[in-house]
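Down below is the structure, laid out as structure tokens.
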Amino acid sequence: MKSPFTGKEMKRIHETRIWKFRGEEYSYIHTAWLCEDSGEQFTDDKSDMAGFVQVTNQYREKYGIPYTDEIVAIRKRYGLSAQKMSIILGIGINQYRLYEQGEVPSVSNGRMIRSISNPKVMFDILESSRNELSDTEFHKLSDRIKSEIADGERRKIEQYETNRVYRSVRGVGNGYAPLSLDRLKNLMIYVLENTNEVWCTKMNKILFYIDFLAYRENGMAISGLSYKAIDFGPVPERWDVVYSEFDEIHQELRSVGDFVGSILTSTTKADITLFSEAEKNVIEKVCSRFNGLSSRDLSKLSHEERAWIDHHDKHESIPFAGAFDLKAV
């Protein structure tokens, strides 16, 4: 960003601040640009939104309020429009649409929305709003919910698989990213499509940079993984399980000189529609930045990051606050 006073490029700075949200104080990392000649600081809409997301993620986690993507996913699960969902929940349509655009629901509304992820609860609420729907609408949705209830075993298996891979809950430890195996799989496939010679070591570092850059730029990571610092750089927790999870991603043991490792390949095309424009921008930036680097060079580069330096001695988990000290991106 250029200074409006001098026209010079300004220095990007990060500092811990307190944001008062709904009567409570939350710590977050504020991003601004410093005009060194005038001493003035400037922000833009993107950096302000990233700070807001950091704060509201903490509020959602504290009070059990679903995240924006979860609110949308619940509605789509039942095949409803935003207008019909607002009628069933008894929430004004304009207010409900704001929830899907990022506004944080009240605690009561948030918990009610979360509760209907259970189709049995949704069926009870549907019964309560029966007189506000036509007979056709009521019976169509009733059948859809009954189908979801009957499909409960499949969903239990999906949840088990998700827990087996992540072994974590959505929160500060994974940058508040959605826990979705489908998103994780397609993220990895996209990296394979757009980056040369992706060994496991290289994938480890690319996923780290994608998640931490996304947290810095947007206030939320992407993959749902958490990371730890080991001797060879930052790696996803349980990365060996992650990389063997998907049939579409293949591992082959190879040796190059004195280096022996597994290279990852895939013939599947990534579904990039699973990611927002802001997420795609981060993914593309990281893939482009590291495309030509070898696994060894990228590993060395990651050793210069404070996020790794401060935690590798004890092989500790890497907090996402380290995103604001990234040097390579």
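The values are calculated or read from the model by the stated rules, or taken from the named source; none is laboratory data. Being a predicted model, the structure only gives us computed values, none of them experimental. FYI the Cβ positions are ideal-geometry reconstructions off the backbone, even for glycines, and counts take in every protein chain you see. Areas reflect the complete protein model, heavy atoms only, side chains present, ligands, DNA and RNA absent. Shrake-Rupley method; radii C 1.70, N 1.55, O 1.52, S 1.80 Å.
One residue stands out in the range 159-176 among those that are open to solvent by less than 20 Å² (accessible area, probe 1.4 Å) and over 18 Å from Tyr243 (Cβ atoms): the one that is farthest from the chain's Cα centre (by Cα), namely Gly171.
If we scan the range 209-219, do we find a residue that is part of a strand (DSSP E or B) and touching a helix residue (DSSP H, G or I) at 6+ places or on another chain (Cβ under 9 Å)? Talk me through it step by step, then tell me what you get.
Kept after step one, since they are part of a strand (DSSP E or B), are these residues of the range 209-219: none.
So far as the range 209-219 goes, no, none of its residues is part of a strand (DSSP E or B) and touching a helix residue (DSSP H, G or I) at 6+ places or on another chain (Cβ under 9 Å).
Beta carbons closer than 9 Å, at least 6 apart along the sequence or on distinct chains, pair a first residue in the range 132-143 that is surrounded by 16 or more Cβ atoms within 10 Å (Cβ to Cβ) with a second that is hydroxyl-bearing (Ser, Thr, Tyr) for Phe138/Ser129; Leu141/Tyr78. Inside the range 187-218, residues that are under 21 Å from Tyr67 (Cα atoms) and not aromatic (Phe, Trp, Tyr) make up a count of 8.
The single residue among Glu24, Glu61, Glu40 that is in contact with a helix residue (DSSP H, G or I) (Cβ under 9 Å, 6 or more places away or on another chain) and without any contact (Cβ under 8 Å) to a residue 60 or more places away in the chain turns out to be Glu24.
Criterion first (hydroxyl-bearing (Ser, Thr, Tyr), more than 30 Å from Arg60 (Cα to Cα), buried (at least 18 other Cβ atoms within 10 Å of the Cβ) and modelled with pLDDT of 95 or more) does Ser226 satisfy it?
Answer is no for this residue.
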